[in-house]
Ligand code: FEC
């Protein structure tokens with residue numbers, strides 16, 4: 001079984017920042033003020049651990065797939081006779097905006113003789129501004145190869161019961177730390193996207209709401225809400241409510257404590273450490289709200305088990 005595991009990618013050091021940001025902007029160099037502003041955000045958090053976390057996710061996923069790879073599929077599903085995993089599983093890492101790039105990962109797969117693989121992004125929701133762009137990069141890389149590689153896509157997994165359990169477990173840990181759990185607000189966040197994508201029929205907000213709803217249902221939360229974070233520095237309108245505005249509104253409604261869970265991001269990185277732990281936390285303190293941010297999934301085995309389940313099911317699909 002072969003897997004292409006993808007994530008956003010982060011610069012390894014300050015010298016990578018400009019080309020990284022240029023890649024995010026589809027080849028357009030960022031103006032000096034924007035670059036400085038982004039550099040300031042990285043300096044404020046020290047370092048984004050996203051690349052390291054993605055690598056550990058891949059190592060653990062590969063270990064788990066090989067550990068349990070049975071000679072025959074355990075469940076009969078998909079085409080009959082089902083395709084059993086062929087030999088040891090290999091997981092390749094490709095990042096959308098930095099290194100190893102998606103192109104490098106696909107080239108390495110080809111070099112190793114891979115002709116079929118499961119492609120999955122370490123983010124549960126499909127968006128025209130996320131998974132669709134990962135797909136574009138994979139397709140671009142495949143075009144340059146002498147032999148085809150069949151990619152079986154896991155496009156989203158917003159309602160996977162294992163994923164819901166992962167998030168619910170972490171919300172529960174925060175509930176134990178609340179002074180008055182019955183009076184607290186529960187907010188689920190994801191990266192904002194431009195409203196224009198939503199108007200083109202992007203399923204993203206629906207999927208984010210689904211994840212939030214299922215986690216809340218699993219925990220029996222009486223109230224919950226969805227907010228968006230990390231909107232881009234562009235003049236176009238971005239999907240809201242923005243987490244900071246939302247925190248202010250919650251305080252005005254009388255809440256004293258809030259639990260924030262970033263369901264759009266399994267891993268810790270800039271948008272969690274800066275946008276939530278520094279910026280949103282500062283807003284909460286300013287208005288007098290106690291904000292607890294739940295632990296990220298990172299490379300914890302309960303999340304890796306979800307990836308394994310998704311990858312195995314996709315591999316058995318025709
Ligand atoms: O730790 C790190 O260094 C990287 C953190 C990071 C993650 C991430 C995930 C998502 N993004 C999504 C959408 C957009 C859109 C734009 C955009 C821009 C940025 C910039 C940085 C950045 N994003 Fe990101 N995103 C992360 C970081 N993102 C830095 C550029 C500066 C800024 O605007 O803040 C706008 C692009 C444009 O200009 O056209 C749209 C979505 C996700 C969640 C899915 C995924 O993980 O791939 C959606 C992590």
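Of note:
- Some residue of the range 115-128 being under 30 Å from residue 13 (Cβ atoms) and without any contact (Cβ under 8 Å) to a residue 12 or more places away in the chain: no
- When residues in the range 6-26 are screened for being free of Cβ contacts under 8 Å to residues at least 60 places away in the same chain and either within 21 Å of residue 129 (Cα to Cα) or near the ligand (Cβ under 10 Å from one of its atoms) (or both), 7 of them pass.
- From 50, 55, residue being within 27 Å of residue 304 (Cβ to Cβ), free of Cβ contacts under 8 Å to residues at least 60 places away in the same chain and assigned by TED's automatic domain parsing to the domain that holds residue 121: 55
- Checked against the criterion of being within 15 Å of the ligand (Cβ to nearest atom), surrounded by fewer than 16 Cβ atoms within 10 Å (Cβ to Cβ), under 23 Å from residue 37 (Cβ atoms) and without any contact (Cβ under 8 Å) to a residue 24 or more places away in the chain, the range 231-247 has at least one qualifying residue.
- Of the residues 136, 155, 150, 111, the single one that is surrounded by fewer than 15 Cβ atoms within 10 Å (Cβ to Cβ), within 16 Å of the ligand (Cβ to nearest atom) and on the phi < 0 side of the Ramachandran plot is 136.
- Per this entry, residue 268 is not counted among residues that are touching a residue at least 40 places away in the same chain (Cβ under 8 Å) and not assigned by TED's automatic domain parsing to the domain that holds residue 193.
- Residue in the range 284-294 that is within 16 Å of the ligand (Cβ to nearest atom), assigned to a helix (DSSP H, G or I), touching a strand residue (DSSP E or B) at 6+ places or on another chain (Cβ under 7 Å) and over 26 Å from residue 59 (Cβ atoms) present: no
Rundown of residues vs (1) more than 26 Å from residue 92 (Cβ to Cβ); (2) modelled with pLDDT under 95; (3) in contact with a strand residue (DSSP E or B) (Cβ under 8 Å, 6 or more places away or on another chain), yes/no style:
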site	(1), (2), (3)
110	no, no, no
143	no, no, no
156	no, no, no
169	yes, no, no
174	yes, no, yes
199	yes, no, no
210	yes, no, no
214	yes, no, no
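Per-residue answers, yes or no, for (1) more than 10 Å from the ligand (Cβ to nearest atom); (2) surrounded by fewer than 20 Cβ atoms within 10 Å (Cβ to Cβ):
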residue: 3; (1), (2): yes, no
residue: 28; (1), (2): no, yes
residue: 31; (1), (2): yes, yes
residue: 49; (1), (2): no, yes
residue: 58; (1), (2): yes, no
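The values are calculated or read from the model by the stated rules, or taken from the named source; none is laboratory data. Keep in mind that what you see is a predicted model, and the values were worked out from it rather than measured. Cβ sites come from the backbone with ideal geometry, for glycine too, and all protein chains shown count toward neighbours.
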